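So the structure is just underneath, and the comments pick up after that.
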Amino acid sequence: MFLLAWLLVALKAFSWSVLPEQPACAQSGQTPGNYSQLSIALCFQDVDNGRRHLEIPSPDRSVLLMVEGDRASFQSNGRQVGPAFSMWRDVEIIWSPDSRMLIETMSFGAAGPVRAGFGFVDPNISPEVPDVVKRIQKNFASRHPGRKCHDTANVAGLAWLEGSKRAVLVAEIPPSPGCRPDGGYFEAYVVSLPQEAILERYDMGEVAEKWGKVLGPSLKADLELQRESRKLRGK
């Protein structure tokens, strides 16, 4: 259901970025994520003992995302919808406005890499489509030839458009010393669903103007990092 494949590929030949420290986990699970003000971090109340119990309702409250430890399920009217599934430890989710889907942003370890995927409440929806993250990375790198770290960019969820018909994902250069001077630069991609086709692209300035109010702490820190980097380069 969730796009948890390619972990080994994602961990290979990657420049690591350090994410801001998460706030203490709320019992309700309503702890904000790193990349979007709209996201909810699926944090642990007791990390050492692997204890996590979260009940996160969809916008119309017709569905609950239930998380127990490393397992999750969708619940509706007191009954489970579809099979239970594994839930990665460092995840933030954004419910679609129509309560049918999730954007899931997975951080593979405290330092990354970061990858986005989609989860469908309806167990009968499981589109066989090319990996949208890889296509975003390829497009991102092609627009900045010869630059470091673009082909292994983090890809995270930012927002929804038109219910669950379109999603906004962000491609981010890890803000690490190995990616200077581009570290922290990001662009946004609008993709269609369930086809996961790339429809639009916005550069960093356009993203800040269009979605500035929903940028999470990681992306806000990226904006400051890029401003300082450009000052040092006299741009």
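The values are calculated or read from the model by the stated rules, or taken from the named source; none is laboratory data. Owing to the predicted nature of the structure, the values given are computational and were not obtained by experimental measurement. A quick note on method: Cβ atoms are made from the backbone with ideal geometry, for glycine too, and the neighbour counts reach across all protein chains shown.
Some notes on this structure:
- Single unsatisfied condition, Gly205 versus (1) crowded, with 19+ Cβ neighbours inside 10 Å; (2) over 20 Å from Ser107 (Cα atoms): (1)
- Set Val207, Val190: member being of a type outside the set (S, T, N, Q), at pLDDT 85 or above and touching an Asp or Glu at 6+ places or on another chain (Cβ under 6 Å): Val190
- Per the listing Trp88, Trp95, the residue uniquely closer than 23 Å to Pro194 by Cα, at pLDDT below 95 and crowded, with 16+ Cβ neighbours inside 10 Å is Trp88.
- Residue count, segment 179-210 (criterion: in contact with a strand residue (DSSP E or B) (Cβ under 8 Å, 6 or more places away or on another chain), without any contact (Cβ under 8 Å) to a residue 60 or more places away in the chain and of a type in the set (D, E, K, R)): 5
- Residue match in segment 211-220 (condition: in contact (Cβ under 8 Å) with a residue 12 or more places away in the chain and not in a helix (DSSP H, G or I)): yes
- Among the candidates Gly112, Gly117, Gly69, residue that is over 24 Å from Pro217 (Cα atoms) and either at pLDDT 95 or above or not polar (S, T, N, Q) (or both): Gly69
- Flag for Leu199 being buried (at least 19 other Cβ atoms within 10 Å of the Cβ) and outside any loop (DSSP other than H, G, I, E, B): no
- Scanning segment 135-158 for residues that are part of a helix (DSSP H, G or I), among the basic types (Lys, Arg) and under 21 Å from Gly178 (Cα atoms) yields a single hit, Lys138.
- Residue within segment 169-182 that is assigned to a loop (DSSP other than H, G, I, E, B), of a type in the set (Ser, Thr, Tyr) and surrounded by 17 or more Cβ atoms within 10 Å (Cβ to Cβ) present: yes
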